[in-house]
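Q: To start, I am sharing the structure in question, which I have written as structure tokens.
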Amino acid sequence: MINNLFNKKVLAVVSAVTLSVSSVALAFTTSGGYGLETNAPSTSASAKPPVEEITTEAKPVEEITTEAKPVEEITTEAEPTPSAAPSTNPNPSESPVDPVEEDTYQILGTLVGTWDLGSGGFMVQSKDDANIYTYTVLNVKAGSYEFQIVKNNSWDTKFSGAQGFINSDYPNLKCVVKEDCDVTVTLNLKDMTVKTSVDEELVEQTDISAATVTLAKAKTTYNGQVQAPVVSSVVLGTTELKAGVDYEVTEISPKKAGTYTVKVDGKGNYKGQAAAEYTIAKKNIKTGTATVTGKTYTGKKLTSSKYTLKIKLNGKTVTLKKGTDYTVKAVSRTNVGSSNVTFTGKGNFTGTVKGKFTVKAKSIKSAKITVSSKVAYTGKSVKATVKVKDGSKTLKANKDYTLKFSNNKKIGKAKVTIKGKGNYSGSVNKTFKIVPGKASIKKVVNVKGKKAKVTIKSVKGATSYKVSYRVKGAKKWSTVTSKKRSIVLSKLKKNKTYQIKVAAVAKSGKTTYTGAYSSVKTLKIKK
């Protein structure tokens, strides 16, 4: 009985020692998987096999009773080092123990030549420190590389960003290889850092947001071309920073008028961003040439509708676009003349310039002009009757046109010039004849021998006279000409009534001009 009781006590001590060993293994697993890999037993399966093993070997009670001290020895040696963890099930006859999954870390990216999640570089855990994982890439060529570290083969858990960060929102890790070499990447889970063997010592960067950025030219004027700003200096406090070393300029290519921000980003020992304003001012159009297409007088209201604005940019004359580069307000007028039209700059342009909308006079040549064909000679200057009509409108002399007569003092061909005035322009020449005045019969009598004697009143300028006669009702007239004013008509028919009329005649050069006929006189031949 005593032996049985002692045996139970020994069994309890051994069981406690076995449970303590299992707890230690679990602690290493949860703290980073140090040295356990896939061989460490799980917390659920590690306790059972040791208990059964101790129970089967506890039969020699007396031996245990006489040498009880080994219980303490078992207690002290029950804590194995991580490297002593069994790699297989201690009892092959029993069912296998589920392994504890250990975290794996894998490098992906240009540093190892792939972004494929299924391959890449699997990092190796340090034997000295469970928080340290390394991977060495052999024969890396000089250049810039990016990479990420994923945990347990999953993109959902990845180490990325600048050194010292572990956050999936950060950009890729980067390293610069200055010459061909092997590159070792080290992941430290304790302080959450990623370093490579080619990293330079990190220096605390100075913020340049308070730096003064000076441009070679802070303001220029729109010229239709790209006008990129030039940074002449960046000064932080009393220190002038070096381009390409301490800062980089974000290049911009502004073309349109406006205010732009020139950004300077810190580099090397500097971080943050400084800025300066750069302005492209609008071009003033006051130096431009504004043209408004005119219209021709019609008698109705006319409105400007076509415009041109030209200006010099970079030594070249360019035509601006209405609605894009300028606006203009139309003007109207009815009569001949000009009205100012204001052009106002828009978009890349400013200021104003004026053009003129002109209503031009209508040519008098398009009018219908009527001039009397004959004018009686008076010995003085004479004028023909002139009528001018523009469509249905009768124009007025001295308002819409003027008349100028020439060669109009003597019998012959005279000229009149109709010249537009006011809303009309141009001129038209017309001719008319100056002929002897209208003749008249002083007396007509029947003389013996079936004759009629016709006496004509003197007409100024006449050199001869015509006497035309016919039997009343006949269609054809007979005519005789005489230089005398008394003319006898013979061979008339007795008892016939005759109609007689006379006209004065004058000659100018080789042309004969006949004046207007007199009124008709009748005479019956009785003898």
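The values are calculated or read from the model by the stated rules, or taken from the named source; none is laboratory data. No experiment lies behind these values; they were computed from the predicted model shown. Positions of Cβ are backbone-derived with ideal geometry, glycine not excepted, and every protein chain shown enters the neighbour counts. Remember, those area values only see protein heavy atoms, side chains included, never the ligands or the DNA or RNA. Shrake-Rupley method; radii C 1.70, N 1.55, O 1.52, S 1.80 Å.
Q: Do we have any residue at all in the range 184-194 that's exposed (fewer than 13 other Cβ atoms within 10 Å of the Cβ), modelled with pLDDT of 85 or more and not aliphatic (A, V, I, L, M)?
A: First, pick out the residues of the range 184-194 that are exposed (fewer than 13 other Cβ atoms within 10 Å of the Cβ): 190-191.
If we keep only those that are modelled with pLDDT of 85 or more too, we end up with 190.
Among the residues that remain, those that are also not aliphatic (A, V, I, L, M) are: 190.
For the range 184-194, residues exposed (fewer than 13 other Cβ atoms within 10 Å of the Cβ), modelled with pLDDT of 85 or more and not aliphatic (A, V, I, L, M): present.
Q: Please return the ranges of strands (runs of 3 or more DSSP E) entirely within the range 108-159 where 1 or more residues are over 14 Å from residue 172 (Cβ atoms), open to solvent by less than 60 Å² (accessible area, probe 1.4 Å) and without any contact (Cβ under 8 Å) to a residue 40 or more places away in the chain. Spell out how you get there, then give the answer.
A: Numbers: elements: 132-140, 143-151, 154-159.
Here the list reads 143-151, 154-159.
Q: Of all strands (runs of 3 or more DSSP E) completely enclosed by the range 460-527, which ones contain at least 3 residues that are touching a residue at least 40 places away in the same chain (Cβ under 8 Å) and surrounded by 12 or more Cβ atoms within 10 Å (Cβ to Cβ)? So that I can check it myself, show each step before the final result.
A: Values: elements: 464-471, 478-482, 486-489, 497-508, 511-514, 521-524.
Correct list: 464-471, 497-508, 521-524.
Q: Follow-up. Among the residues of the range 328-338, what is the count of those that are surrounded by fewer than 14 Cβ atoms within 10 Å (Cβ to Cβ) and either part of a strand (DSSP E or B) or under 29 Å from the mean Cα position of the chain (by Cα) (or both)?
A: So the first thing to find is which residues in the range 328-338 are surrounded by fewer than 14 Cβ atoms within 10 Å (Cβ to Cβ), and the list is 329-330, 332, 334-335.
Next, only the ones that are either part of a strand (DSSP E or B) or under 29 Å from the mean Cα position of the chain (by Cα) (or both) stay: 329-330, 332.
Result for the range 328-338: 3.
Q: Residue 264 - would you say it is more than 31 Å from the chain's Cα centre (by Cα), within 30 Å of residue 282 (Cβ to Cβ) and crowded, with 16+ Cβ neighbours inside 10 Å?
A: On the way: more than 31 Å from the chain's Cα centre (by Cα): no; within 30 Å of residue 282 (Cβ to Cβ): yes; crowded, with 16+ Cβ neighbours inside 10 Å: yes.
When the stated conditions are applied, residue 264 does not pass them.
Q: Of all residues in the range 403-442, which are open to solvent by 70 Å² or more (accessible area, probe 1.4 Å) and assigned to a strand (DSSP E or B)?
A: Answer for the range 403-442, where residues must be open to solvent by 70 Å² or more (accessible area, probe 1.4 Å) and assigned to a strand (DSSP E or B): 404, 413, 415, 419, 429, 430, 431, 433, 442.
Q: Residue by residue through the range 339-349, note down the ones that are open to solvent by 30 Å² or more (accessible area, probe 1.4 Å) and either among the β-branched types (Val, Ile, Thr) or part of a loop (DSSP other than H, G, I, E, B) (or both).
A: Applying the first criterion (open to solvent by 30 Å² or more (accessible area, probe 1.4 Å)) to the range 339-349 yields 340, 342, 344, 346-347.
Passing the criteria: 342, 344, 346, 347.
Q: Which ones in the range 443-459 are in a strand (DSSP E or B) and among the basic types (Lys, Arg)?
A: First, pick out the residues of the range 443-459 that are in a strand (DSSP E or B): 443-447, 451-456.
Correct list: 443, 451, 453.
Q: Given the criteria assigned to a strand (DSSP E or B), open to solvent by less than 90 Å² (accessible area, probe 1.4 Å) and over 15 Å from residue 297 (Cβ atoms), does residue 324 qualify?
A: On the way: assigned to a strand (DSSP E or B): no; open to solvent by less than 90 Å² (accessible area, probe 1.4 Å): yes; over 15 Å from residue 297 (Cβ atoms): yes.
Taking the combined requirement at face value, the residue does not satisfy it.
Q: Further question: Take residue 377 and decide whether it is over 30 Å from residue 484 (Cα atoms) and either in contact with a strand residue (DSSP E or B) (Cβ under 8 Å, 6 or more places away or on another chain) or not acidic (Asp, Glu) (or both). Let's see the steps before the verdict.
A: Numbers: over 30 Å from residue 484 (Cα atoms): no; either in contact with a strand residue (DSSP E or B) (Cβ under 8 Å, 6 or more places away or on another chain) or not acidic (Asp, Glu) (or both): yes.
So residue 377 fails the test.
Q: Just checking, does the range 304-314 include any residue being surrounded by 15 or more Cβ atoms within 10 Å (Cβ to Cβ), of a type in the set (Lys, Arg), in a strand (DSSP E or B) and at pLDDT 95 or above?
A: No - not one qualifying residue is present in the range 304-314.
Q: Regarding residue 433, is this residue of a type outside the set (Val, Ile, Thr) and within 26 Å of residue 508 (Cβ to Cβ)? Steps first, answer last, please.
A: Details: of a type outside the set (Val, Ile, Thr): yes; within 26 Å of residue 508 (Cβ to Cβ): yes.
Considered against the rule, which asks whether it is of a type outside the set (Val, Ile, Thr) and within 26 Å of residue 508 (Cβ to Cβ), residue 433 comes out as yes.
Q: Hey, another quick one. How many of the residues in the range 254-310 are of a type in the set (Val, Ile, Thr) and closer than 30 Å to residue 330 by Cβ? Even if it seems obvious, please write down each step before you answer.
A: Restricting attention to the range 254-310, the residues satisfying the condition of being of a type in the set (Val, Ile, Thr) are 259, 261-262, 264, 279-280, 285, 287, 289, 291-293, 296, 298, 303, 308.
Filter again for closer than 30 Å to residue 330 by Cβ, leaving 285, 287, 289, 291-293, 296, 298, 303, 308.
Residues that pass the stated criteria total 10.
Q: OK, next. Tell me which residues, restricted to the range 350-394, are open to solvent by less than 80 Å² (accessible area, probe 1.4 Å), β-branched (Val, Ile, Thr), closer than 30 Å to residue 504 by Cβ and outside any strand (DSSP E or B).
A: Selection gives 378, 382.
Q: If you take the residues of the range 275-303 that are surrounded by 13 or more Cβ atoms within 10 Å (Cβ to Cβ) and of a type in the set (Gly, Ala, Ser), which of them is nearest to residue 230 (Cα to Cα)? Steps first, please.
A: Kept after step one, since they are surrounded by 13 or more Cβ atoms within 10 Å (Cβ to Cβ), are these residues of the range 275-303: 275-286, 288-292, 294-298, 302.
With the extra rule that they be of a type in the set (Gly, Ala, Ser), the set shrinks to 275-276, 281, 288, 290, 294.
Working: 275: 12, 276: 11, 281: 17, 288: 30, 290: 35, 294: 47 Å.
In this case the residue turns out to be 276.
Q: Restricting to strands (runs of 3 or more DSSP E) lying wholly in the range 171-270: which have 3 or more residues that are of a type in the set (A, V, I, L, M)? Full working, then the answer.
A: Details: elements: 173-177, 181-188, 193-196, 212-215, 219-221, 231-236, 247-249, 258-266.
By residue number, 173-177, 181-188, 231-236.
Q: Here is a further query. Give me the pairs, please: first residue somewhere in the range 274-294 and at pLDDT below 95, second residue anywhere and in a strand (DSSP E or B), beta-carbon distance under 7 Å, and either six or more positions apart or on two chains.
A: Every condition considered, the pairs that remain are 287/311.
Q: Which residues, counting only those in the range 82-107, are at pLDDT below 85 and open to solvent by less than 30 Å² (accessible area, probe 1.4 Å)?
A: 82, 100
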